[in-house]
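Below is one structure, written out as structure tokens; the observations come after it.
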């Protein structure tokens, strides 16, 4: 017995030691995941070229991350490059370093490696090379600027020119042949080029060259609507204790460099409620005990109007200290922090969407579709930020992964030009995902390599975009240069297994349905109602106004509380007919739509209960309308 008792004590002691070791490991791991030990770097000056050549193989317009990546890519492919910027900037990195957008909206691969503690990103390449030089999911803006500068300075065949007062494309017919600039000192120069890459935020060079484009949400019938702009602001005094307290706040979280949450911050009462409001907080940490907060939404700012941009900055600068005071008063975690200023530039989410050889569509994202000419992959949620003070915004979809075709970088009507970044050829809704900087940097790397291939083969970018042989060579070269262009393995999403999936493709493409972060809010099998279907048809009318000149809301004028009733097939058909400007009654509507060929009998037969239509049933009716009446297929 005494020996057994000793053995039990030994086992118990061993168990306690193991528990202690495991506890210590997780404490160490947690601390390692939330403690930032990096020191702030001194900002390194950018070497600006004092003497320019008369011509370059490639001119890259714009020093945002996409432009820096394009210039580095082209230079590494052996081309002589001019990187030029038309804003009053003295550092590289644009939106990240001067807009202070220091928290990354990353394109994570569906296949992660949790045991390694490292994120697995799509595309990799030059983005990954840059990311490995910064602190993490958020970064100190000095670190980011220095990393961009280091990568550019390492390429002896890149000339840099900043603070250009004006730059405009030189054309011969529809062929871009160079860039005409007015330098900071007022002198002018005409610089020839074999290829121009437009990496300006708003595709300014492309627009000046005559490239067609849509603006804001024009493509879905809202020409005056666009996502809010943001002025990032700074607060100081963030100790490690304060940082960890952020992660303990309800519905909030942290890692080493990023914090998110504080959803009730949206209750802030604005001093200018029609023009500015607050949402939940996205917080990026810096290396000097400061944080940068991306949460202020400013409305009705026209990014193409300098006076409107200045006004937006003024509105934000006035509101920022008021918001900081509100945070200090409302949240104990902010009590000891101090307001420390605003970013030099606005964060503009949306402006032009150029029209290219291919236009990225919501159906591409819904179907997690690869492309034969994919030069980048995206996976960020379709994040549609609010358009006005009454709009909460929405997440339309969370794709697993989708390919971004090279054709989206090749503008219509103008040759010798590529467009990279958020203003490339994306419909406004999928732009909510494709606009993120890491994807834009991937398109920048692809553009730099494409310039080399096009020059080498003596073909235009348009000809290159139409050659499967040449695109295969481009993808091969990009892979050899560090990009990962393999489409991840995709699991069939639940929404794609529903019989109403074809209708859902149409509904999501017209901004009529939203899946949220988990894609579970489409509610295809949920009950619809007369009010909801009227709202849907008003949305259809907005996108295709010439086909729907009637008034669908007249269908519910005699129904009390139309949102509380089941939607019948008779009522749905009547609503459609009125929207289409037909003279009919509820009893005659279904037959009239079938006789006109607006609806398919097969769709009608697929409705399980004609007295209680589901959301999926209504989407299938809308799908029929689009294909058989409007002549548009969302597939």
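Counted as qualifying within the stretch 314-411 are the strands (runs of 3 or more DSSP E) with 1 or more residues that are touching a residue at least 40 places away in the same chain (Cβ under 8 Å), more than 27 Å from residue 89 (Cβ to Cβ) and over 15 Å from the mean Cα position of the chain (by Cα), namely 338-342, 374-378, 402-405. If I filter the stretch 619-631 for residues that are part of a loop (DSSP other than H, G, I, E, B), surrounded by 15 or more Cβ atoms within 10 Å (Cβ to Cβ) and over 31 Å from the mean Cα position of the chain (by Cα), do I get at least one hit? No, the stretch 619-631 contains no residue that is part of a loop (DSSP other than H, G, I, E, B), surrounded by 15 or more Cβ atoms within 10 Å (Cβ to Cβ) and over 31 Å from the mean Cα position of the chain (by Cα). Mind checking whether some residue in the stretch 295-313 is touching a strand residue (DSSP E or B) at 6+ places or on another chain (Cβ under 8 Å), in a loop (DSSP other than H, G, I, E, B) and over 26 Å from residue 435 (Cβ atoms)? No, there is no match, as no residue in the stretch 295-313 is touching a strand residue (DSSP E or B) at 6+ places or on another chain (Cβ under 8 Å), in a loop (DSSP other than H, G, I, E, B) and over 26 Å from residue 435 (Cβ atoms). In the set 223, 212, only one residue is within 20 Å of the chain's Cα centre (by Cα) and more than 22 Å from residue 95 (Cβ to Cβ); that residue is 223. The residues in the stretch 308-346 that are more than 18 Å from residue 270 (Cβ to Cβ) and surrounded by fewer than 23 Cβ atoms within 10 Å (Cβ to Cβ) can be counted, and the count is 13.
For the stretch 609-633, a tally of residues being more than 19 Å from residue 535 (Cβ to Cβ) and touching a helix residue (DSSP H, G or I) at 6+ places or on another chain (Cβ under 8 Å) returns 5.
Taken together, 428, 423 contain a single residue that is part of a loop (DSSP other than H, G, I, E, B), touching a residue at least 40 places away in the same chain (Cβ under 8 Å), within 30 Å of residue 298 (Cβ to Cβ) and out of contact with any helix residue (DSSP H, G or I) (no Cβ under 6 Å at 6 or more places or on another chain), which is 423. Residue check: is residue 488 within 30 Å of residue 385 (Cα to Cα) and either in contact with a helix residue (DSSP H, G or I) (Cβ under 9 Å, 6 or more places away or on another chain) or crowded, with 22+ Cβ neighbours inside 10 Å (or both)? Taking the combined requirement at face value, the residue does not satisfy it.
Is it the case, given these coordinates, that residue 462 is touching a residue at least 40 places away in the same chain (Cβ under 8 Å), within 30 Å of residue 510 (Cα to Cα) and surrounded by fewer than 21 Cβ atoms within 10 Å (Cβ to Cβ)? Criteria met by residue 462.
Every number here is computed from the coordinates shown, using simple stated rules; none is lab data. Source: prediction; values computed, not measured. Every residue, glycine as well, gets a Cβ built from its backbone with ideal geometry; the counts of neighbours run over all protein chains shown.
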